[in-house]
1. How many residues does the stretch 7-17 contain that are farther than 15 Å from residue 70 by Cβ and either in contact with a helix residue (DSSP H, G or I) (Cβ under 6 Å, 6 or more places away or on another chain) or touching a residue at least 24 places away in the same chain (Cβ under 8 Å) (or both)?
2. Among the residues that make up the stretch 223-231, is at least one of them in contact (Cβ under 8 Å) with a residue 12 or more places away in the chain, in contact with a helix residue (DSSP H, G or I) (Cβ under 9 Å, 6 or more places away or on another chain) and within 20 Å of residue 29 (Cα to Cα)?
3. From the list 115, 9, exactly one residue is over 12 Å from the mean Cα position of the chain (by Cα) and farther than 29 Å from residue 225 by Cα. Which is it?
4. Considering 236, 211, which residue is touching a strand residue (DSSP E or B) at 6+ places or on another chain (Cβ under 8 Å), at pLDDT below 95 and not in a strand (DSSP E or B)?
5. Identify, please: which residue in the stretch 18-34 is outside any loop (DSSP other than H, G, I, E, B) and free of Cβ contacts under 8 Å to residues at least 60 places away in the same chain and is, among those, nearest to residue 123 (Cα to Cα)?
6. Looking at 23, 51, can you tell me which residue is out of contact with any helix residue (DSSP H, G or I) (no Cβ under 8 Å at 6 or more places or on another chain) and surrounded by fewer than 14 Cβ atoms within 10 Å (Cβ to Cβ)?
7. Taking into account only those residues within the stretch 189-201 that are more than 15 Å from residue 179 (Cβ to Cβ) and exposed (fewer than 10 other Cβ atoms within 10 Å of the Cβ), which is nearest to the chain's Cα centre (by Cα)?
8. Taking the options 175, 185, name whichever one is assigned to a loop (DSSP other than H, G, I, E, B) and either out of contact with any helix residue (DSSP H, G or I) (no Cβ under 7 Å at 6 or more places or on another chain) or under 23 Å from residue 112 (Cα atoms) (or both).
């Protein structure tokens, strides 16, 4: 199938992107407003942008109404600072809860029951217990269109790395993080490592296998097919489950 991208509306283009670019790293971004209110949100349009200076990229869309900027964007724009936290399997549910569209006057840390830890040079807090956090200073905001999509470039000022993860020669013990990534509208646990080439027998044995679910939902189920899903993130209330 070949799909002409120019024929797609916003939601369908978003669905193709999030279903094709998998797994995506999740930047659990903490900010603080000009009034000192904390904010926390998972951003899966997130990746490294370059090593010198160490930089990261965020892709931010408006809220579900398609117009209102997300608090994460407003706070980064207004303060020029943010922190990117890496979430683990143990933190995945609280991370998911922070995707809910809270009012700007609500502090997500408080709402979902997460502790803050101070950063070294920025006012935004870190997520206490996150294995890795990166203090960032805004470098550039790039408007992508006239409906509120923005690309954010930021320089990493400090890395906060859990002591047991930092190995000789500056390497991270990635296998010990219990990392989670984003698929389309679901999550995945990173639990396999390999280098190539793999044996042909192993490849053949896995050729028709599907991912196995860690939850109780049936194969083929997706939150995209539920009323709770939107192209801006989760609209569920904190107490609800999909």
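The values are calculated or read from the model by the stated rules, or taken from the named source; none is laboratory data. Here the structure is a predicted model, which is why all the values come from computation and not from measurement. Cβ: placed from backbone, ideal geometry, glycine included. Neighbour counts: every protein chain shown.
1. Filtering the stretch 7-17 down to residues farther than 15 Å from residue 70 by Cβ leaves 7-13, 15-17.
Still in the running and either in contact with a helix residue (DSSP H, G or I) (Cβ under 6 Å, 6 or more places away or on another chain) or touching a residue at least 24 places away in the same chain (Cβ under 8 Å) (or both): 10-11, 15.
Total satisfying the criteria: 3.
2. Start the filter on the stretch 223-231 by keeping residues that are in contact (Cβ under 8 Å) with a residue 12 or more places away in the chain, which leaves 223-224, 226, 228-231.
When the remaining residues are screened for being in contact with a helix residue (DSSP H, G or I) (Cβ under 9 Å, 6 or more places away or on another chain), the result is 224, 229-231.
From what is left, the residues that are within 20 Å of residue 29 (Cα to Cα) are 230-231.
Within the stretch 223-231, one or more residues are in contact (Cβ under 8 Å) with a residue 12 or more places away in the chain, in contact with a helix residue (DSSP H, G or I) (Cβ under 9 Å, 6 or more places away or on another chain) and within 20 Å of residue 29 (Cα to Cα).
3. On the way: 9 fails: farther than 29 Å from residue 225 by Cα.
Exactly one residue qualifies, and that residue is 115.
4. Details: 236 fails: touching a strand residue (DSSP E or B) at 6+ places or on another chain (Cβ under 8 Å).
On inspection, the qualifying residue turns out to be 211.
5. Residues of the stretch 18-34 outside any loop (DSSP other than H, G, I, E, B): 18-20, 24, 27-32.
Those still in the list that are free of Cβ contacts under 8 Å to residues at least 60 places away in the same chain too: 20, 27, 29.
Details: 20: 36, 27: 18, 29: 13 Å.
If we take residues in the stretch 18-34 being outside any loop (DSSP other than H, G, I, E, B) and free of Cβ contacts under 8 Å to residues at least 60 places away in the same chain, then 29 is nearest to residue 123 (Cα to Cα).
6. On the way: 23 fails: surrounded by fewer than 14 Cβ atoms within 10 Å (Cβ to Cβ).
From the options 23, 51, the qualifying one is 51.
7. Residues of the stretch 189-201 that are more than 15 Å from residue 179 (Cβ to Cβ), as a first pass: 194-201.
With exposed (fewer than 10 other Cβ atoms within 10 Å of the Cβ) added as a condition, the list becomes 194-197, 199-201.
Values: 194: 24, 195: 26, 196: 28, 197: 30, 199: 33, 200: 34, 201: 35 Å.
Among residues in the stretch 189-201 that are more than 15 Å from residue 179 (Cβ to Cβ) and exposed (fewer than 10 other Cβ atoms within 10 Å of the Cβ), the one nearest to the chain's Cα centre (by Cα) is 194.
8. Details: 175 fails: assigned to a loop (DSSP other than H, G, I, E, B).
Residue meeting the stated conditions: 185.
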